Amino acid sequence: MKQIDEKDRKELEAKLAGAFQEQIDQLSTELREILLDDMVTAFENRLNVLMRASGQKPN
């Protein structure tokens, strides 16, 4: 299973934080970090599943 590197992961977390800022502002910093990490992990897992289903190797 292909995992994205740490730099790209942090960049994606920052973009998600910006996109969902209004919705996550009420969460504590710890819960916000957990949620963003979970969202990136879910996205990464979905990409891997779709790539396997289409017969492609992850980069």
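The values are calculated or read from the model by the stated rules, or taken from the named source; none is laboratory data. It should be emphasised that the depicted structure is a prediction, and the values quoted were computed from it without experimental measurement. Neighbour counts are summed over all protein chains in view; Cβ atoms, including those assigned to glycine, are modelled from backbone coordinates with ideal geometry.
For every residue, the table says whether it meets (1) among the acidic types (Asp, Glu); (2) modelled with pLDDT of 95 or more; (3) in contact with a His (Cβ under 6 Å, 6 or more places away or on another chain).
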site	(1), (2), (3)
LYS15	no, yes, no
LEU27	no, yes, no
LEU31	no, yes, no
ASP38	yes, yes, no
GLU44	yes, no, no
LEU47	no, no, no
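To keep it simple, each residue is scored yes or no on (1) among the small types (Gly, Ala, Ser); (2) within 15 Å of the chain's Cα centre (by Cα).
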{"residue": "GLU6", "(1), (2)": "no, yes"}
{"residue": "ALA17", "(1), (2)": "yes, yes"}
{"residue": "PHE20", "(1), (2)": "no, yes"}
{"residue": "SER28", "(1), (2)": "yes, no"}
{"residue": "ARG32", "(1), (2)": "no, yes"}
{"residue": "GLN56", "(1), (2)": "no, no"}
